[in-house]
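Below is one structure, written out as structure tokens, with a few remarks after it.
None of the figures in this text is laboratory data; all of them are computed from the coordinates on show. Small disclaimer: the values here were computed from a predicted structure and weren't measured. Heads up, the Cβs are rebuilt from the backbone with ideal geometry, glycines too, and the neighbour counts pull from every protein chain shown.
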Amino acid sequence: MSISLSKTSHQATLSQTASGGAVGGDPVEALRQRVAQRVVEAYCDSALRFELIRYGVNDLALDSSTAGHVTDMELDSLGCANETKLLEELDGLLRRFTDNDKKLDQKERADAIQIVCRPKSGYSKGLVFDTAERRVVEFCRANRVKVKVGFLRWEIP
């Protein structure tokens, strides 16, 4: 492996980096730069993540799983909340809480939402509260989980 220390190659690399182009034609590095440019306010929703993966597949000719892994790893390294991963974590918590009795009480619901909405260490944001609430309702409907609506009444939302 040889390293060129001439000023011309260093300036060309700097100009490529500043213009947003791929450094050395590396598609993984180009996708990492695109992720860093597109994510605002340290939160990446599912639509933006899908758009970034589609960019990696269509424009950079990466495999979809590779593009997904690169996107997720770059979001982690930037300390950005990844909505898709947080929703998967919420689904796992809801499954654990409702596995035995197919019932979700208010405390379990509040605990699950609080766990994913509170920022983890190293991150500045957690899952958006409204998104978490919608996912809980979708989960309960899809898995026929009952929630407590009265003193002794349980219904599927």
Protection proxy ranking, peptides 70-79, 100-109, 139-148, average beta carbon neighbours within 10 Å, highest first: 70-79, 139-148, 100-109
Under a straight-distance cross-link criterion of Cα-Cα below 18 Å, which aspartates and glutamates are reachable from K85, leaving out those fewer than 8 residues away in the same chain? E41, D45, E51, D72, E74, D76, D111, D130, E133, E138
Enumerate the amide H contacts of K125 below 5 Å, restricted to partners 5 or more residues apart or on another chain; note that Pro and chain-start residues carry no placed amide H. A81
